[in-house]
Amino acid sequence: SLVKHFPVQRGVVISRTVGQVRAVDDVSFDIARGETLALVGESGCGKSTTGRLVLRLIAPSGGSVQFKGQEIATASDEQMRAMRRHLQIIFQDPYASLNPRMTIGDILTEPMAVHGIGSPAERAERVKELLQVVGLLPEHARRYPHQFSGGQRQRIGIARALAVQPDLIVCDEPVSALDVSIQAQVVNLLQDLQKRFGLSYLFIAHDLAVVKHISDRVAVMYLGKLVEIADKKALYARPLHPYTQALLSAIPRPEPGLQRTRILLTGDVPSAMHPPSGCRFHTRCPHAQERCRSEEPALRDAGPGHRVACHFFETLPLPAGVAAVERQ
Ligand code: SF4
Ligand code: MG
């Protein structure tokens, strides 16, 4: 088979302040083998930064990022090179991430060459195999990126990530730049590949609609903080953080008569560099009280595997039309 199966332990990711930008402040989660953890939040919340920290494309200034028990944050460059083979990324813009002067064959061969995988003949064989695995044709290897549609280019980006047999792929908004009609195809492909090769995904998205089917667990971020993390079922059926409730209320429902009450957040998104005091969400939260301005809520247990950072989650009402609809 194309991808070997590696024993993957549960990895732990704990990252802290990144350089001068307080994009990711205190984020902690783990991802199991074959699991998809969705990381969701508005732009600027630190989700892409978190994804890049996992791959050490940017260096964390503290905290811990572990992969199969090995520390990434403090690994030497040589150790990091070896680990990179198992950690890959798929970018939001499949066009910008493919070199326009390289053929698809060269684009797919490059990561194998970098990691010393296979002979030239084996790599050429594998390029054909990779193209078929992502739903393209072996003869596409001779073409250039501009000859493909957006969806096909994202398939090429996925094939490039698969070329080195990774364990974990950070999918950084992989379908946000694609037509809605193409999005489901790419998400389905990612799901098929996950089953086939036992991949783990950190799937970054800016809304809860796109990750509803692919995720096993969902982590919601706001201004560099994790505000809620739960199994998918629990998160969609019983969203406890007011920000999660607002995100969920924004998902349109196709069925007539089952409209959610949209929770509109007022106020601009504050800067992550100068986040509000206390609960960072207090400037936009419909339930904010005096305590929220001064006291930062800790992530607290709200059920098995369910953690929420809100002082009042136990007593807040579930908004109409959000959870009720999801429970059906
Ligand atoms: Fe809203 Fe206060 Fe809870 Fe923050 S702590 S989410 S401001 S109710
Ligand atoms: Mg981003």
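The values are calculated or read from the model by the stated rules, or taken from the named source; none is laboratory data. Here the structure is a predicted model, which is why all the values come from computation and not from measurement. So basically every Cβ, Gly included, is an ideal-geometry build from the backbone, and we count neighbours across all protein chains shown.
Worth a mention:
- Looking only at residues in region 192-207 that are closer than 18 Å to HIS86 by Cα and either aromatic (Phe, Trp, Tyr) or in a helix (DSSP H, G or I) (or both), the one that is nearest to ligand 2 (Cβ to nearest atom) is PHE203.
- When the residues of region 171-185 are filtered to those that are among the acidic types (Asp, Glu) and under 11 Å from the mean Cα position of the chain (by Cα), the one that is farthest from ligand 1 (Cβ to nearest atom) is ASP172.
- Any hit, region 235-242, residues being crowded, with 16+ Cβ neighbours inside 10 Å, among the charged types (D, E, K, R) and assigned to a loop (DSSP other than H, G, I, E, B): yes
- Output for region 305-328, where each listed residue is modelled with pLDDT under 85, closer than 14 Å to LEU240 by Cβ and among the charged types (D, E, K, R): GLU326
- Taking the criterion of being crowded, with 19+ Cβ neighbours inside 10 Å and touching a helix residue (DSSP H, G or I) at 6+ places or on another chain (Cβ under 9 Å), the residues of region 176-202 that qualify are LEU178, VAL186, LEU190, LEU193, PHE197, LEU199, SER200, TYR201, LEU202.
- Selected residue (only one of SER61, SER43 is at pLDDT 65 or above, more than 24 Å from ALA163 (Cβ to Cβ), of a type in the set (S, T, N, Q) and surrounded by fewer than 22 Cβ atoms within 10 Å (Cβ to Cβ)): SER43
- Here THR17 meets the list (1) over 24 Å from GLN194 (Cα atoms); (2) at pLDDT 85 or above almost entirely, failing just condition (2).
- Breaking point among (1) more than 28 Å from GLN154 (Cβ to Cβ); (2) within 16 Å of ligand 1 (Cβ to nearest atom); (3) not small (Gly, Ala, Ser), for CYS45: (1)
- Unique residue being closer than 21 Å to GLY44 by Cα, surrounded by fewer than 18 Cβ atoms within 10 Å (Cβ to Cβ), in contact (Cβ under 8 Å) with a residue 40 or more places away in the chain and aliphatic (A, V, I, L, M) when the list is ALA209, ALA219, ALA205: ALA209
- Identity of the residue in region 289-301, at pLDDT below 95 and farther than 15 Å from TYR222 by Cα, that ends up farthest from ligand 1 (Cβ to nearest atom): ASP301
- Selected residue (only one of LEU131, LEU87, LEU108 is over 20 Å from the mean Cα position of the chain (by Cα), under 26 Å from SER200 (Cβ atoms), surrounded by 22 or more Cβ atoms within 10 Å (Cβ to Cβ) and away from ligand 2 (no atom under 16 Å from the Cβ)): LEU108
- Filtered residue count, region 31-80, keeping only those that are in a strand (DSSP E or B), of a type in the set (Ser, Thr, Tyr) and either within 16 Å of ligand 2 (Cβ to nearest atom) or under 14 Å from the mean Cα position of the chain (by Cα) (or both): 1
- Single match in ALA75, ALA96 (criterion: among the small types (Gly, Ala, Ser) and within 25 Å of ILE31 (Cα to Cα)): ALA75
- For region 210-226, a residue qualifies if it is in contact with a Gly (Cβ under 7 Å, 6 or more places away or on another chain) and β-branched (Val, Ile, Thr), and exactly one does: VAL220.
- Subset of region 276-304 that is part of a loop (DSSP other than H, G, I, E, B) and in contact with a strand residue (DSSP E or B) (Cβ under 7 Å, 6 or more places away or on another chain) - its residue that is nearest to ALA246 (Cα to Cα): PHE281
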